[in-house]
1. Does any residue in segment 82-93 that is touching a residue at least 60 places away in the same chain (Cβ under 8 Å) come within less than 7 Å, Cβ to Cβ, of a residue that is more than 6 Å from the ligand (Cβ to nearest atom) six or more places away or on a different chain, and which pairs are these?
2. Can you work out which of the residues in segment 63-87 that are crowded, with 17+ Cβ neighbours inside 10 Å and in a helix (DSSP H, G or I) is nearest to the ligand (Cβ to nearest atom)?
3. Check whether at least one residue in segment 134-151 is near the ligand (Cβ under 10 Å from one of its atoms) and surrounded by 13 or more Cβ atoms within 10 Å (Cβ to Cβ), and report yes or no.
4. Looking at the structure I just gave you, is residue 6 touching a helix residue (DSSP H, G or I) at 6+ places or on another chain (Cβ under 6 Å), modelled with pLDDT under 95 and surrounded by fewer than 13 Cβ atoms within 10 Å (Cβ to Cβ)?
5. Would you confirm whether or not segment 117-128 contains a residue that is touching a helix residue (DSSP H, G or I) at 6+ places or on another chain (Cβ under 9 Å), assigned to a helix (DSSP H, G or I) and within 16 Å of the ligand (Cβ to nearest atom)?
6. Collect the residues in segment 88-106 that are farther than 13 Å from residue 120 by Cβ, part of a loop (DSSP other than H, G, I, E, B) and away from the ligand (no atom under 16 Å from the Cβ), keeping them in residue-number order.
7. Do you know which of the residues in segment 116-153 that are over 21 Å from residue 89 (Cα atoms) and within 20 Å of the chain's Cα centre (by Cα) is modelled with the lowest pLDDT?
Ligand code: FES
């Protein structure tokens, strides 16, 4: 159970007000909240429900149906492995498996230290450089299995450096 600050509650209510008159208000509200906070826990869904009159069950159904909404916070680095056709035929299945093996989490999960989340994505529009992986918006081209420990290691070092730790 999380406790939301008054500021957060006010912000969520303001987002609801902003989109309530739209044709598809729920999708727009949830997208804006996901963008602002990175996830949409039950407590937030309850505020949206109270504000819009849409049932929590319906909101929960939408949040869990679409993979770009998340019930839990994502990691500092979100590793989006494209599993679209072009990437898949170039080995994207092995790429995502290798990230899972190195990080010891399944796709959709976040490491315990909160550093990494693995997401399976559809085509990200980079088919010419398949298999492509997008990490926090940066696209890594033609990723090979052997590259993956190095990619993860660089991000771990980057995170440690950002915290002033020893990389
Ligand atoms: S299928 Fe992966 S970028 Fe298009």
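The values are calculated or read from the model by the stated rules, or taken from the named source; none is laboratory data. Everything numeric in this text was worked out from a predicted model, so none of it was measured. Neighbour counts run over all protein chains shown; Cβ positions are idealised from the backbone, glycine included.
1. Partner pairs satisfying both residue conditions: none exist.
2. Step by step, filter segment 63-87, then rank; the result is 87.
3. Yes: segment 134-151 contains one or more residues that are near the ligand (Cβ under 10 Å from one of its atoms) and surrounded by 13 or more Cβ atoms within 10 Å (Cβ to Cβ).
4. On the way: touching a helix residue (DSSP H, G or I) at 6+ places or on another chain (Cβ under 6 Å): no; modelled with pLDDT under 95: yes; surrounded by fewer than 13 Cβ atoms within 10 Å (Cβ to Cβ): yes.
Spelling it out, it is not the case that residue 6 is touching a helix residue (DSSP H, G or I) at 6+ places or on another chain (Cβ under 6 Å), modelled with pLDDT under 95 and surrounded by fewer than 13 Cβ atoms within 10 Å (Cβ to Cβ).
5. Yes: one or more hits.
6. Answer for segment 88-106, where residues must be farther than 13 Å from residue 120 by Cβ, part of a loop (DSSP other than H, G, I, E, B) and away from the ligand (no atom under 16 Å from the Cβ): just 104.
7. To start, the set of residues in segment 116-153 that are over 21 Å from residue 89 (Cα atoms) comprises 116-117, 136-138, 149-153.
Going one step further and asking which of them are within 20 Å of the chain's Cα centre (by Cα), we end up with 116-117, 136-138, 151-152.
Working: 116: 97, 117: 95, 136: 91, 137: 88, 138: 95, 151: 98, 152: 98.
Result: 137.
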